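The values are calculated or read from the model by the stated rules, or taken from the named source; none is laboratory data. Values in this document were obtained by computation on a predicted structure and should not be read as measured data. Each accessible area value is taken on the protein alone, full model and side chains, heavy atoms only, with ligands, DNA and RNA left out. Shrake-Rupley method; radii C 1.70, N 1.55, O 1.52, S 1.80 Å.
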Amino acid sequence: MPWLRVLFVLLVARPVVRLWLGLTIRHQERLPLTGPAIVVANHNSHLDILTLYALFPLAVIRNVQPAAAADYFLANPLVAWFATQVVGIIPVKRGTKKGDDPLAGCRDALADGRILILFPEGTRGEPEVLSEVKSGIWHLAGEFRDAPVIPVYMHGLGRALGRGQWLPVPFFVDVAVGRAQHWQENRQAFKQGLRDCLLQLRDKVLPSSPYQD
């Protein structure tokens, strides 16, 4: 229900991120406004999805959907309804059996011209620590080569609501959006290049970093 997603962003995501936490974003103009496109971001908190939603204009939200772990968000029927119908997640099954396609929903979204939000680390990591990039993004980018891959790095959310926390702490959030990346035939080179780009964005938002352009 796209209209519920718009209301969720308007009434929940934006107030939490912009008023409760506080937000600075660099190069917001690099975010895609039409699809197909893939936005990839580091993953430290359940607030990551809210923050990414808060970066987009409301008129675009109907066309934006994040991929999220099915085993976590679909375990409880009420949470599952809220996650899929209100937040608008695309469930991704982790540890699937041979022959199953965990990225089927992501492929459908891109084929439908939507903007897909993907966390290439696969799961929430330690606060402000970037884990290795999984291969799923390489497969998707290879199938949808006209879809730009836009890296986004978010700093502060691991402290605002990290793993094991249940109450958001008002910790300021810095976000940097990178330039569009494109698929490479060499899987490792593509993954490493994407990770390097995220690390460069991290350097821009770290408080002590001299790289602020």
Report the residue, chosen from Leu157, Leu116, Leu199, that carries the largest GNM mean-square fluctuation when the chain is represented by alpha-carbon nodes joined by springs under 10 Å. Leu199
Nearest 5 is fine: what % of DSSP beta bridges in the chain come out antiparallel, could you say? 20 percent
Considering only Glu185, Glu143, Glu132, give the residue with the highest GNM mean-square fluctuation for the chain, with springs between Cα atoms whenever their separation is below 10 Å. Glu185
Give me the percent of the accessible area of the stretch 1-153 that comes from carbon and sulfur atoms, probe 1.4 Å, all protein chains in place. 60 percent
What is the Cα centroid distance between the stretch 137-157 and the stretch 59-85, reported in whole angstrom? 19 Å
Taking the radius of gyration and the Kirkwood hydrodynamic radius from Cα positions alone, what is the Rg/Rh ratio for the chain, to two decimal places? 0.93
I'd like to check one number: the per residue accessible area of the chain, probe 1.4 Å, reported in Å² as a whole number. 49 Å²
Most mobile of Tyr53, Tyr153, Tyr72 in a GNM of the chain (Cα contacts under 10 Å): Tyr72
